[in-house]
Structure formats: C-alpha cells, structure tokens
Amino acid sequence: VDPLTTPLCRLLGIRVPVVQGALGGPWGSSVELAAAVARAGGLGTIATALQPAERVRRDIAAVRERTEGPFAANHTMRPFEADVFDVLLAERVPVITFALGLDPELIRRSHDVGARFVQQIHTVEQAEDAAEAGADVIVAQGDEAGGFGGGSGLVVLLPQVVDAVAPLPVVAAGGIVDGRGLAAALAFGAAGIQMGTRFLASDESEIDLAYRQAVLDASSERTVRASFVNRLVPPPAPGAFDVAPRVARNEFVETWLGRDEALAADLERVRAQVRDAIAAGRAHEFLPVMGASAGLIHDVVAAGAIVERVVAEARSVLASLAST
Ligand SMILES: Cc1cc2nc3c(=O)[nH]c(=O)nc-3n(C[C@H](O)[C@H](O)[C@H](O)COP(=O)(O)O)c2cc1C
C-alpha cells in the first residue's frame, strides 16, 4: 500500500495528498497556479475573494482548458458574496473549499450539484460542527498559517480534530512547506496537507516581485496576527469565525498593531488608504499576508516542482523512519 495514496486522494480523485490553498483576491491567486498543481497530481484552488462573479466564471473555464484533473474553487465568509457562490454551483466545480465561517445550507446546495465540500476550521468545536453539517473533508488550520486564522498551533489542533471527526479525512494546514511536514501530518492522522505561503513563492503566483522577496526574507517571528485589520474590512457575516489575518511586520503593520482603539479614531482615512492600495494592485505594501512558514522558504520554484519535491521528500522521510 502506498502511504501517500490516502483517503483524500480517493475521495477527490487526486494522485497526491497535496492541496494548494486559495490565495485570495489580490494576494496571489492565479489560474496558472491552480492548473500547475492539478497537473502535478495535487488539488489546485481558484480563489474568489474580492473577485466579481464574471471573473470567477472565466477563471473556472481557464483552469478547465489547462487541466483535465479535478480542481477546487474557494469561497469564504469574509465577505460572502451570494452571486459568486452561485457561479461555483452553476459551473459544477468538482470541489468547493470554504473558509472563515460555516453555513450548513451551503454544504447542502453543493452536494445537490454533486460537488465535494471541504470546510476549513480553526477549532475543535468548529470541526465538530462542520462534520455534523455534512462536510466531506475538514481542513484543520493551525495558527501558524498565512491568511485569516487563529486558535491553537497545528501540533495540538490536528490530532484533536482527527479524533473529533473520524472517519472524515482531515487536511493539515499551517506552517507546512516540505516533505517532513507532509510525513508529520500523516503521522498525526491527517490524510493530506494544504499549503498557502509555500505557493506564494512559486513561479505561478501572480504577486509583485517585492512581495515574493518579502516571503523569502521574512523570519517566522516577523509574522503576526493583526486583529486591527478586522476594523478595515466589512463586518463578518452571520456564521463567520473569529479570525484575523497573519501578515509580515512592515511600517504600516507596526503603526497599527495592538492599537485598535487609535485606529478606530482614524478609520476612514486608513480604510481609504488600504482600499486604494488594493485597487492599484499594491495591497502587499500595506498587508503582506503570509504565514510563519515564510521562515522555512528560501527559493521560488515552479508550483509543480513544489508538489513533486514535497512528495519525494515525504517518501524518503517515511522510508527512513521505517528502516530504523
Ligand atoms: C496570501 C494568502 C491569501 C490567502 N487567501 C485565502 C483565501 O482567500 N481563502 C482561503 O480559504 N484561504 C486563504 N489563505 C489560506 C491558505 O489557503 C492556506 O490555508 C494557508 O496559507 C495555509 O498555511 P500556510 O500559509 O502556513 O501554508 C490565504 C493564505 C495566504 C498566505
């Protein structure tokens, strides 16, 4: 039996248990990234955050032109856009990944059109609720992760979630960049891994070179959860989780970190500043979203090569453990 052909592979029809997590909106999503991961046998994901429905429809068609393999499209509760979610259903996306909140109705509607539903969570309680609501796969995301999150580190979260939702397949996310991480996740009982920050530093991520360089340069300790950002974005929808984004410290982050009250007094100006930056494609200059795993990332390579390298390393780690 191949230890890397896990229940996740069988359920989703992928060859290797590696998921490219969504890199939302202006933070690195690309059709080429999702397609390259799919061609390497993993699960590539189209992000939809802050994208109009028409763009999402085009992206889905473009991924289908580039690969025959299964792929995922992501949506979140921060914000939730009903017309975008409807596109995922209408286009019969094979896998829908959902994050930052839970709505059992969305799971039912996804199943009605034959999609697999992958729910990302940050706590054991959220995992139990997602399993009860009918999710097919649970992504247990530790506090190390880039993007919105929080809660415990992956080493304590993952085994608890595996126990809580068995026999559902659990995907480990947060802080993983290599085959050691994949092997460790399998040892904890996970059926696969999801990486985000690692794929930011790939040839196919559509990010500014300065942002990529910031990922290469950042130490794990330079990344922080920035709750002040929650004041700059629309209020969470009902069912949304209590989360904040992990970003690398820069001048903007240093200015507002831990100063939520001061920010409240200057809110309109700072909101406009961030909104203009997003519109100009310079969101990373204010909020360089990345995980603590940035400290482990030292090169920019093709996304397919990342998948192959992680799988080959995991095989060799597992073999060396078995032979000692
Ligand atoms: C720049 C960036 C943007 C992200 N955007 C999204 C998103 O739109 N939707 C989502 O579900 N997760 C998003 N995430 C989370 C990732 O999909 C993934 O779960 C996470 O990055 C895993 O942790 P890691 O960064 O340690 O690999 C994002 C992560 C990063 C780094």
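The values are calculated or read from the model by the stated rules, or taken from the named source; none is laboratory data. Keep in mind the model is a prediction, meaning the values are calculated, not measured. Methodologically, a virtual Cβ is constructed for each residue, glycine included, from the backbone with ideal geometry; neighbour enumeration extends over all protein chains shown.
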Please give the number of the condition F188 fails out of (1) over 14 Å from S293 (Cα atoms); (2) among the aromatic types (F, W, Y); (3) touching a residue at least 40 places away in the same chain (Cβ under 8 Å). (3)
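Quick check, is A190 surrounded by 24 or more Cβ atoms within 10 Å (Cβ to Cβ) and either away from the ligand (no atom under 13 Å from the Cβ) or in a loop (DSSP other than H, G, I, E, B) (or both)?
Working: surrounded by 24 or more Cβ atoms within 10 Å (Cβ to Cβ): yes; either away from the ligand (no atom under 13 Å from the Cβ) or in a loop (DSSP other than H, G, I, E, B) (or both): yes.
So A190 fits the description; yes.
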Of everything in segment 1-55, what is in a loop (DSSP other than H, G, I, E, B) and near the ligand (Cβ under 8 Å from one of its atoms)? Give them in sequence order. G21, A22, L23, G24, G25, W27, G28, S29, A47, T48, A49
Within segment 116-136, the residues that are more than 19 Å from G13 (Cα to Cα) and either aliphatic (A, V, I, L, M) or modelled with pLDDT under 95 (or both) are I121, V124, A127, A130, A131, A133
Could you tell me which of the residues Q160, Q126 is surrounded by fewer than 24 Cβ atoms within 10 Å (Cβ to Cβ), in contact (Cβ under 8 Å) with a residue 60 or more places away in the chain and either of a type outside the set (A, V, I, L, M, F, W, C) or over 15 Å from G101 (Cβ atoms) (or both)? Q126
State the number of residues belonging to segment 273-308 that are of a type outside the set (A, V, I, L, M, F, W, C) and crowded, with 16+ Cβ neighbours inside 10 Å. 8
Any chance A185 is hydrophobic (A, V, I, L, M, F, W, C) and either surrounded by 20 or more Cβ atoms within 10 Å (Cβ to Cβ) or not in a helix (DSSP H, G or I) (or both): yes
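Here are some residues: A127, A140, A145. Which one is assigned to a strand (DSSP E or B) and within 16 Å of the ligand (Cβ to nearest atom)?
Values: A127 fails: assigned to a strand (DSSP E or B); A145 fails: assigned to a strand (DSSP E or B).
Of the residues listed, the single one that is assigned to a strand (DSSP E or B) and within 16 Å of the ligand (Cβ to nearest atom) is A140.
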Among (1) of a type outside the set (F, W, Y); (2) surrounded by fewer than 21 Cβ atoms within 10 Å (Cβ to Cβ); (3) within 19 Å of W27 (Cα to Cα), the one test that P245 misses: (2)
Residues of segment 209-230 being closer than 19 Å to G28 by Cα, in contact (Cβ under 8 Å) with a residue 40 or more places away in the chain and among the hydrophobic types (A, V, I, L, M, F, W, C), which ones? A210, A214, V215, L216, A218, V229
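Can you find even one residue in segment 104-115 that is at pLDDT 95 or above, under 18 Å from the mean Cα position of the chain (by Cα) and aliphatic (A, V, I, L, M)?
No.
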Considering each of G44, G69 in turn, give the residue that is under 19 Å from the mean Cα position of the chain (by Cα) and of a type in the set (G, A, S). G44
Going by what's in this entry, would F85 be described as surrounded by 24 or more Cβ atoms within 10 Å (Cβ to Cβ) and either polar (S, T, N, Q) or not in a loop (DSSP other than H, G, I, E, B) (or both)? no
Residue check, T67 against (1) touching a residue at least 40 places away in the same chain (Cβ under 8 Å); (2) among the hydroxyl-bearing types (S, T, Y); (3) surrounded by fewer than 23 Cβ atoms within 10 Å (Cβ to Cβ), all met but one. Which one? (1)
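Being at positive phi and away from the ligand (no atom under 16 Å from the Cβ) is true for just one of G281, G258. Which residue is that? Step through it out loud before you land on a result.
On the way: G281 fails: away from the ligand (no atom under 16 Å from the Cβ).
Of the residues listed, the single one that is at positive phi and away from the ligand (no atom under 16 Å from the Cβ) is G258.
Can you tell me which of A244, A240 is touching a residue at least 60 places away in the same chain (Cβ under 8 Å) and touching a Phe, Trp or Tyr at 6+ places or on another chain (Cβ under 7 Å)?
On the way: A240 fails: touching a Phe, Trp or Tyr at 6+ places or on another chain (Cβ under 7 Å).
Just one listed residue meets the conditions, A244.
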Out of the residues in segment 219-229 that are buried (at least 17 other Cβ atoms within 10 Å of the Cβ) and more than 19 Å from the chain's Cα centre (by Cα), state the one that is nearest to P245 (Cα to Cα). F228
